[in-house]
Amino acid sequence: QDRFTVVIVGGGSAGITVAAQLKRQRPNLSIAIIEPSTTHAYQPGWTLVGAGVMTLQETLRQEGGLVPSGVTWIRKRTAAFHPEEKAVELEDGSRIEYRRLVACPGIQLDWDKIEGLKETLGRNGVTSNYSREHCAYTWECIQSLDGGTALFTQPPMPIKCAGAPQKIAYLAADYWRREGRLYKTRVEFLLAGDVLFGVKYFVPSLQKMVDYYGIDLHYKENLIRVDGEKKEAVFQRVGSDETITRSFDMLHVTPPQSAPDFIKKSPLANAAGWIGVDPATLRHVKYDDIFALGDATSTSNAKTAAAVRSQAPIVVANLLASLDGRPQNASYDGYGACPLTVSYGKVVLAEFLYGGKPAPSFPYDQRKPSRFAWLLKTQGFPHLYWNLMLRGYDIKVPHKEVEQG
Ligand code: FAD
């Protein structure tokens, strides 16, 4: 049985960032990351892969090159948590003990909840940017569609990057517009929810883009079944048994999402299955020696890599303070960001805090589609991610709240 001062479950955006910051601040700390995957993905890039702006290869790196030196990488899956014994159990039954645990295994994509989807994903014009295997197929579908009906779906919240389902709808519509095909293409966006975007401040700008491209919005429709051969998608009207069948030539699916199953059934989960943490300190509500961040937590921020960038220094500061017996007063404000690609070349950069309070970082009206924000999304953020964030540099971009109006 191994024992480490800090054990990190999940070596995605959050796990690597926390490990790198801890190593930078305490080079001698004994740290282990438990992560089964050998390939790390920059998932925000998948929207751009789906639109032909980035290649899949550019979004992937070997995990082994990202685990900071001096940190032990345990290339296995975590199966269970034993918080009373300060241990996690791996898939092979072995246990790893810790003094402090950081849990960040991400969110689970529930493809199985949509009948028939797995059988047809990647064929028959059915695709998803949420899948590493299929985001490049989205671009094939967009290029080959020469008129017809394109459906874009969005499941009930929460999902990671809540703007991603509509980002690809705008980019696809813009591509068809530029190719002179939009006039003969019916673009429909079907959402399980009843708002276009969770932060009110940005909705009018997005609605304007919907109108510009002539996208048909259908609220409260949840995808439940796909028949790829027949090219039919079945939606359930939220809150009733009524179903609606729609034909398509292309279907972009955003799958329903939930906390990972091994979290749901663990003592770390709250009633909804997420890792229950204090929204400010990110410390577990029940276990003082456990911290959590990223997509798997109970906090109400947007589940984004941008949120992880803000959360990691809070977890690191509070974790180190707890090891030293100092007060843990680092506090997370709920910052999250969503760069909405509204066309090739323009982005609405939504940044906000807990409660959906807009909090822009830059001195221009961020509701307006901007070329600068497009350069950030396509070049700035990937650079920031690989070269600064994952290497443990705490990049503080001061954002300030604005009045909603
Ligand atoms: P992940 O980075 O997903 O990492 C979780 C890790 O845990 C994985 O490596 C996984 O293998 C591992 N794991 C899972 N189960 C276990 C287990 N049992 N044991 C051990 N390890 C385990 N964010 C933005 O900020 N801006 C964007 O524009 C943006 N766009 C997006 C577009 C798409 C299409 C997608 C899919 C995501 C987008 N995101 C965006 C969201 C962003 O990628 C996530 O919010 C971020 O990666 C969350 O980090 P995480 O560490 O919590 O989860």
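Values in this text are rule-based calculations from the coordinates and carry no lab data. Because the structure is predicted, anything quoted here is derived from the model rather than measured. Using ideal geometry, Cβ is built from the backbone for each residue, glycine included, and neighbour counts are taken over all protein chains shown.
Which one, 87, 362, 168, projects farthest toward the positive side of the charge dipole computed for the chain from Cβ point charges (K/R +1, D/E -1)?
The residue sitting farthest along the positive end of the dipole is 362.
Please list, ordered by chain and number, the residues whose modelled amide H lies under 5 Å from the amide H of residue 342; skip anything fewer than 5 residues away on the same chain.
Residues meeting the amide H criterion: 347, 348.
Between beta-carbons, use under 12 Å as the cut-off and find the net charge around residue 15, counting Lys and Arg +1, Asp and Glu -1.
-3
What is the mean projected area of the alpha carbon convex hull for region 40-139, to one decimal in square nanometres?
Here the figure is 8.8 nm², rounded to one decimal.
Round to a whole angstrom and tell me the spacing of the C-alpha centers of region 1-71 and region 143-218.
Here the answer is 32 Å between Cα centres.
Give me the net charge for the shell around residue 138: Cβ to Cβ below 15 angstrom, other residues only, Lys and Arg +1, Asp and Glu -1.
Taking every Cβ under 15 Å from that of residue 138, the sum is -1.
Per-residue HN-Hα couplings for region 288-300, Karplus 6.51 cos²θ - 1.76 cosθ + 1.60 at θ = phi - 60°, whole Hz, x for Gly and Pro?
5, 9, 10, 10, 8, 7, x, 5, 8, 8, 7, 5, 8
Got a sec? How would 232, 188, 63 order by Cβ neighbour count within 10 Å, fewest to most?
232, 188, 63
Could you please report the charge total around residue 95, scoring K, R as +1 and D, E as -1 over all other residues with beta-carbon less than 14 angstrom from its beta-carbon?
In short, -3.
Taking Cα atoms, how many degrees apart are the long axis of helix 203-213 and the longest axis of the chain, rounded to 10 and kept between 0 and 90?
40
When the Karplus curve 6.51 cos²θ - 1.76 cosθ + 1.60 is applied with θ = phi - 60°, which whole-Hz ³J(HN,Hα) does each residue of region 51-58 get, with x for Gly and Pro?
Karplus values, whole Hz, x for Gly and Pro: 9, x, 9, 9, 9, 4, 4, 5.
Could you grab the relative contact order for the chain? Cα pairs under 8 Å, six or more apart, rounded to a whole percent.
So the answer I get is 18 percent.
So what is the 222 nm mean residue ellipticity for the chain from helices alone, if each DSSP H run of at least 4 adds -39500 (n - 2.57) and you divide by all residues, rounding to the nearest 500 deg cm²/dmol?
The helix contribution divided over the chain gives -6000 deg cm²/dmol.
Dipole size in debye (nearest 20) for the chain around its Cα centre, Lys and Arg Cβ +1, Asp and Glu Cβ -1?
Its charge dipole is roughly 1000 debye.
In percent, how large is the relative contact order of region 109-257, given Cα pairs closer than 8 Å and 6 or more residues apart?
After rounding, I find 37 percent.
Kindly express, to the nearest 10 degrees and within the range 0 to 90, the angle between helix 135-144's C-alpha long axis and the longest C-alpha principal axis of the chain.
In the chain, helix 135-144 runs at an angle near 10 degrees to the longest axis.
Cβ neighbours within 10 Å, averaged per peptide: list 69-82, 92-105 in order, most packed at the top.
Most protected by this proxy first, the peptides run 92-105, 69-82.
Take the residue pairs 118/184; 286/357; 167/231; 200/368 and return only those whose Cα atoms are more than 26 Å apart.
118/184; 286/357, as the Cα separations exceed 26 Å there.
Computed over the Cα atoms of the chain, what is the ratio Rg over Rh, Rh following Kirkwood?
Rounded to two decimals, Rg/Rh equals 0.97.
Taking the inverse of the average 1/r across all pairs of different Cα atoms in region 109-257, what Kirkwood radius in Å do you get?
Answer for region 109-257: a Kirkwood hydrodynamic radius of 15.2 Å.
Please determine, in degrees from 0 to 90 and to the nearest 10, the orientation of helix 164-178 with respect to the longest principal axis defined by the Cα atoms of the chain, where the helix direction is its Cα long axis.
In the chain, helix 164-178 runs at an angle near 40 degrees to the longest axis.
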